[in-house]
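Working notes, beginning with the structure itself.
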Amino acid sequence: MSGTPVVCAKCKVQVVVTPDPKPDDRVTCSTCGDSETFQDFERSLGEQVKEHAQAKLEASFKGLKGWSYTKGSRSQSVHRFIVKLD
Ligand SMILES: [Zn+2]
């Protein structure tokens, strides 16, 4: 994930993540000062990757004949920092 831009959810400002961070290191927005530990950030990142993959899958099934997709009650978690996935 190196080189993946991470932005603050509030300010949309790119946040610098320490290279080789420890779980206790904090990811901090230099604009609003919002921060979380890298451990929390990593968890949030994992959720975002999962949601992203799911959204892509749904998109690829869209328009397929005979395919109906019922949107479940997918929990949308709030992320403090957003990872820019393609
Ligand atoms: Zn911010």
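What follows is calculated from the coordinates using simple rules that are stated; it is not laboratory data. Because the structure is predicted, anything quoted here is derived from the model rather than measured. Neighbour counts run over all protein chains shown; Cβ positions are idealised from the backbone, glycine included.
List of remarks:
- Extension gain for Gln39-Asp86 works out to 14.6 nm (0.36 nm per residue, less the C-alpha to C-alpha distance).
- Using a Förster distance of 35 Å, the FRET efficiency for Asp24-His52 (Cβ separation, nearest 0.05): 0.85
- Among 35-45, 50-60, the peptide with the highest mean count of other Cβ atoms within 10 Å heads the list, and the full ranking is 35-45, 50-60.
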